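What follows is a short report on a single structure.
The values are calculated or read from the model by the stated rules, or taken from the named source; none is laboratory data. What you see is a predicted model, and the numbers here were worked out from it, not measured in a lab. With ideal geometry, Cβ positions are generated from the backbone for all residues, glycine too; neighbour counts draw on all protein chains shown.
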Ligand code: C5P
């Protein structure tokens with residue numbers, strides 16, 4: 001894990017959380033702060049990688065030495081990731097992608113009516129971007145997914161790793177006072193072909209460096 005072990009490598013990282021518009025002023029969103037993705041971007045750049053960061057609704061300054069691209073909805077994130085992943089050595093999906101989006105976008109702000117019942121918002125499924133990136137994967141490209149689980153972390157993580165088909169899945173336990181918006185994280189890193197690597201609670205940079213250690217070993 002020497003600084004410089006990612007020299008010449010091109011890595012693409014998604015960070016933050018998507019917003020799915022209901023009308024011009026409202027959206028369905030999530031609590032992802034982008035801190036883990038930004039920590040991955042900073043540490044990869046420090047280790048010599050050329051970094052493209054696809055950032056979804058993150059209130060953090062662009063990390064120095066990385067190319068930062070903005071995306072808001074899952075569809076925008078999908079397009080940006082597919083474009084950036086072409087020819088990349090490593091792709092990491094930390095972004096929290098909304099599973100569903102409103103079926104109909106209203107061009108005008110939905111009004112509240114004093115008498116009528118509120119209208120239900122019908123949802124449709126978003127594409128699974130990580131699974132699509134795996135399907136399009138270039139030769140030798142390493143793909144890393146993240147998963148937030150609240151219970152049976154290992155069991156759910158293993159099933160998800162198999163389902164998504166990525167090389168590595170970083171599973172962290174989330175809850176009211178865990179992970180979201182906090183500077184520290186604890187996780188288990190799963191790969192299909194090796195024992196799980198437990199990362200004790202610590203700064204998100206420390207988890208990022210463990211991920212890059214494992215990625216660098218796979219790239220060799
Ligand atoms: O299935 P789940 O949402 O838990 O999977 C999490 C992983 O899949 C993350 O890496 C996330 O970025 C990615 N994902 C995605 N597209 C979705 C949902 C999740 O790429 N629609």
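Quick notes
- Residue in the stretch 124-136 that is in a loop (DSSP other than H, G, I, E, B) and over 26 Å from residue 78 (Cβ atoms) present: no
- Any chance residue 75 is over 20 Å from residue 207 (Cβ atoms), surrounded by 14 or more Cβ atoms within 10 Å (Cβ to Cβ), within 13 Å of the ligand (Cβ to nearest atom) and within 15 Å of the chain's Cα centre (by Cα): yes
A quick yes/no check of all residues on (1) within 11 Å of the ligand (Cβ to nearest atom); (2) more than 20 Å from residue 44 (Cβ to Cβ); (3) touching a helix residue (DSSP H, G or I) at 6+ places or on another chain (Cβ under 7 Å):
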{"residue": "80", "(1), (2), (3)": "no, no, no"}
{"residue": "89", "(1), (2), (3)": "no, no, yes"}
{"residue": "128", "(1), (2), (3)": "yes, yes, no"}
{"residue": "152", "(1), (2), (3)": "no, yes, no"}
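- Here 66, 43 are screened, and the one residue that is farther than 20 Å from residue 98 by Cα, touching a strand residue (DSSP E or B) at 6+ places or on another chain (Cβ under 8 Å) and at pLDDT 95 or above is 66.
- The stretch 106-126, subset surrounded by fewer than 12 Cβ atoms within 10 Å (Cβ to Cβ) and closer than 30 Å to residue 91 by Cβ, residue nearest to the ligand (Cβ to nearest atom): 125
- Of the residues making up the stretch 130-150, just one is more than 11 Å from residue 165 (Cα to Cα), near the ligand (Cβ under 9 Å from one of its atoms) and at pLDDT 95 or above, namely 146.
- Where strands (runs of 3 or more DSSP E) fall entirely within the stretch 13-119, those with at least 1 residues that are more than 25 Å from residue 137 (Cβ to Cβ) are at 20-23, 26-28, 100-102.
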